[in-house]
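Everything on this sheet refers to the single structure shown next.
The values are calculated or read from the model by the stated rules, or taken from the named source; none is laboratory data. Remember, it's a predicted structure, so these values are computed and weren't measured experimentally. All Cβ positions, glycine included, derive from the backbone under ideal geometry; neighbour counts span all protein chains shown.
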Amino acid sequence: MTVIVTPHGAREALVDWGRGPRRAAIGRGGIAEKLCEGDGVTPLGTFAIRRLLYRADRLDAPRTGLPLAPIAPDDGWCDAPDDPLYNRQIKTPYAAGHETLWRDDGLYDLVLVLGFNDAPVIAGKGSAIFVHVARPDYSPTEGCIALARSDLTELLAGLGPGDTLTVRA
């Protein structure tokens, strides 16, 4: 399955996986070529959908053909370009800059990890590009793609190894 993301305004997109377009939030920098860490851009391109992370304390393992793993309270993602584990999942506490995956707001209850800047990792190009749960108002992300929880759950059910996500301008 290929998931297509196309712009629908400056900071919103439509996501389609063959069941009709769904509303999504995108990065505060819109859809563009991602140039650096922290630019808020949702990157253009086609990316492998690597795996699913989920909060097992909040929901049962979702139905999906993807590899999946529960998020633990000490899970994070390194976003420090000068660190050897840049753009990799890490355990906290961690000395370098990182994002916490165990969030109180529910946005990371379901997290699709995309193959952005990971083969190979280029320091400073950008990290932690995910598909995750959207805020109720679909406010912009830091570069991720965010869907309503129900839409994300529906998408997961059809995904498996080898599936990709394409972001178009």
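A few remarks follow.
- Condition broken by GLU99, with the remaining ones in (1) among the acidic types (Asp, Glu); (2) exposed (fewer than 14 other Cβ atoms within 10 Å of the Cβ); (3) touching an Asp or Glu at 6+ places or on another chain (Cβ under 9 Å) satisfied: (2)
- Residues in the range 17-35 that are surrounded by fewer than 18 Cβ atoms within 10 Å (Cβ to Cβ), in contact with a Gly (Cβ under 9 Å, 6 or more places away or on another chain) and of a type in the set (D, E, K, R): ARG19, ARG28, GLU33.
- Residue among LEU68, LEU85, LEU53, LEU14 that is touching an Asp or Glu at 6+ places or on another chain (Cβ under 8 Å) and among the hydrophobic types (A, V, I, L, M, F, W, C): LEU53
- Flag if GLY143 is part of a loop (DSSP other than H, G, I, E, B) and either within 21 Å of ALA72 (Cβ to Cβ) or at pLDDT below 95 (or both): no
- Flag for ALA119 being closer than 20 Å to ILE145 by Cβ, hydrophobic (A, V, I, L, M, F, W, C), touching a residue at least 12 places away in the same chain (Cβ under 8 Å) and assigned to a loop (DSSP other than H, G, I, E, B): no
- Of all residues making up the range 12-59, the number that are under 14 Å from HIS132 (Cβ atoms) and aromatic (Phe, Trp, Tyr): 1
- Selected residue [within 25 Å of LEU159 (Cα to Cα) and modelled with pLDDT under 95] from PRO70, PRO62, PRO7, PRO43: PRO7
- Residue list for the range 139-153, restricted to those being touching a Leu at 6+ places or on another chain (Cβ under 9 Å) and of a type outside the set (S, T, N, Q): CYS144, ILE145, ALA146, LEU147, ARG149, LEU152
- Candidates ALA146, ALA119, ALA72, filtered to the one that is small (Gly, Ala, Ser) and surrounded by 16 or more Cβ atoms within 10 Å (Cβ to Cβ): ALA146
- Any strands (runs of 3 or more DSSP E) falling wholly within the range 20-83 and containing at least 1 residues that are of a type in the set (Ser, Thr, Tyr) and in contact (Cβ under 8 Å) with a residue 12 or more places away in the chain: 45-54
- Residues that are closer than 24 Å to GLY20 by Cα, of a type outside the set (A, V, I, L, M) and either in contact with a Lys or Arg (Cβ under 6 Å, 6 or more places away or on another chain) or crowded, with 19+ Cβ neighbours inside 10 Å (or both) within the range 122-137 comprise PHE130, HIS132, listed in sequence order.
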